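Laboratory data are not the source of any read-out in this text; all were calculated from the coordinates shown. Treat the numbers as computed from the prediction; the structure is a model and nothing was measured. Don't worry about glycine lacking a Cβ; one is built from the backbone with ideal geometry, like all the others, and counts go over all protein chains shown.
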Amino acid sequence: MTPTLTALLCLGLSVGVRTQVQAGTLPKPTIWAEPGSVIPWNVPVTIWCQGTLGAQDFRLDKEGSQSPWDTQPPLESGDKATFSISYMTEHNTGRYRCYYLSPTGWSQRSDPLELVVVTTYSKPSLSALPSPVVTSGGNVTLQCGSWKEYDRFIVTKEGEDKPSGALDAQPQPSGQTQALFPVGPVPPSPRWTFRCYGCYRSKPQVWSAPSDPLELLVSGVSGKPSLLTPQGPVVALGQNLTLQCRSDVGYERYALFKEGEQDLLQRPGRQPQAGLSQADFPRGLVIRSDGGRYRCYGGHNLSSEWSAPSDPLDILVAGWLRDTPSLSVQPGPTVASGENVTLLCQSSTWRHTFLLSKEGAAHPPLRLRSKFQGGQYRAEFSLSPVTAAHGGTYRCYSSLSTSPYLLSQPSDPLELLVSGGPENQLLPPVESGPQTGLKSYLNVLIGVSAAFILLLLLLLFLLIRCRHSRRRKSGAADPEPKNRGLQSRCRREQHTACGGRAAGPSAPQDVTYAQLNHSTLRRETTAAPPSQSGEPPAEPSVYATLAIH
């Protein structure tokens, strides 16, 4: 080897070593992509690389390429450059890094940026276990699955550039493949919205279409609202249904959740009256899928946390099963308070459960397992001892264990009449509803009115009796002295008949009558005819006659 060649080789080696030593002394740049790292097919992409001021050149490398993928001069700011991809396709997927050249040498390479293209492959499904409602600080599991035989599933959270996780797909006995992603603890956050994708191992940067978004609802411990429906818990197919969530806490928004579903319906609250806020969730005409268990939550606009859940409300859809059970009562439809009553629901068709519903009742229907007896499937609902609150109109339904919220046609209505004393009639009803409340009000009003009328009649009778007694006393007060005078005079007369007996003819005399007519005392005197001898008559006789008309 000639001395000249040896010198050149040594010079080249020394320059190479110097270049490697100088490279990496500058801070590594920052790399990102717009509109993001997960890009739909054929959408343009811009890759940004930001270094330090005074950068002379920017380069972009793609993992797997032997030469730089692109080189760009710095922008006017002098510290960054852009690399454009006109249309995102499978060819442009992969990992990218950028670095820049400064007067002192090359910088370190940036962290990797992975570009993924989203295709139109069949989208997987995403659900939360046990439900998309999780208590603050709690944990939840996201389940991503598909009937397509994807090798991996990826979960992303809205607002984050990098995927939240990627797991190998696990085959299921149903034929699906799925992956379970644990999430938590979950703190209150403005939004917890996730999507998942599927991909094949041979093309890890080519993803399927995204699943439907799944939003987690983070509930707290503030006062739970109440959930009800004006139509009652049992509704017929084709009937209009509206669910109402209300609270006296003054929530400004409400969310409705149906067990088994992942969607959360949200509505702003309104104030139908002072101190009460409410949101209506119209469901439209009832269909099969409306049957189920519902809960609702309340929240404030300035807080991302929701309230504690309401008590569950079961919506039962009648008319889905075509059979019609029969309903009877023992000992009869009219019973006395305190008796034992049995309502018998039966059908010739096998059914797993029978339900007994009372018209106007707010509580859910009673449920009993059916028993086969006497050629019929039946259930006996005992009301013992019966009170006035049990009176009302009843219907019964049947259902299957596989679809407990779908009922048969209703039985014919049966009206139960309960008779008894006031102590039973004034008992507060167990069930609440507009019809039962009106009946109770009318019963109380009639009872109070009858008692008031009887009291008035009694007072009137006592008043009349008192006035009559006073009249009798005042009428008897005046004739008393005259009667006494008559009695004294009778004693002085030895030959005079007293007390209404007339004197003999030998003693003619004047006769005086005293007649009492009610309260008026009147004196009447009749002169006796003169005697035959011409002698003056003796002292006159006085008679007292009481004439009571």
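Things to note:
- Of the chymotrypsin sites (Phe, Trp or Tyr not before Pro) found in the range 120-187, those in coil by DSSP whose Cβ has at most 15 other Cβ atoms within 10 Å are Trp147.
- The residues Trp32, Trp192, when put in order of fewest to most other Cβ atoms within 10 Å, stand as Trp32, Trp192.
- Exposure proxy ranking, count of Cβ atoms within 10 Å, fewest first, for Arg369, Arg351, Arg378: Arg369, Arg378, Arg351
- Between amide H atoms placed 1.01 Å from N, distances below 5 Å from Thr353 occur with Ser370, Ser399, all of them 5 or more places distant or on a separate chain.
- Per-pair calculated FRET efficiency, R0 = 22 Å: Asp412 and Ala336 via Cβ, rounded to 0.05: 0.35
- Whole-number percent relative contact order across the range 326-435, with pairs defined as alpha carbons under 8 Å at least 6 apart: 33 percent
- Treating each Cα of the range 162-249 as one equal point scatterer and applying the Debye formula with no solvent, the log10 of I(q)/I(0) at q = 0.17, 0.21, 0.26 Å⁻¹ comes out as -0.93, -1.08, -1.40.
- Once backbone amide H atoms are built at 1.01 Å from N, Ser102 has Gln56, Ser107 as its partners under 5 Å, excluding neighbours fewer than 5 places away on the same chain.
- Exceedance of the 26 Å cut-off in Cα-Cα distance is limited, within the set Lys157/Lys258; Lys80/Lys203; Lys148/Lys203; Lys123/Lys157, to Lys80/Lys203.
- A DSSP coil position with no more than 11 other Cβ atoms inside 10 Å describes the following GluC sites (Glu not before Pro) in the range 44-148: Glu63, Glu76.
- Backbone amide hydrogens, once placed in the peptide plane, bring Gly165 within less than 5 Å of Val155, excluding anything fewer than 5 places away on its chain.
- A crude spin-label estimate for the pair Gln172 and His363, with each label 7 Å from Cα along the Cβ direction, gives 3.8 nm.
- Local electrostatic count, Ser328, Cβ distance below 11 Å [Lys/Arg +1, Asp/Glu -1]: -1
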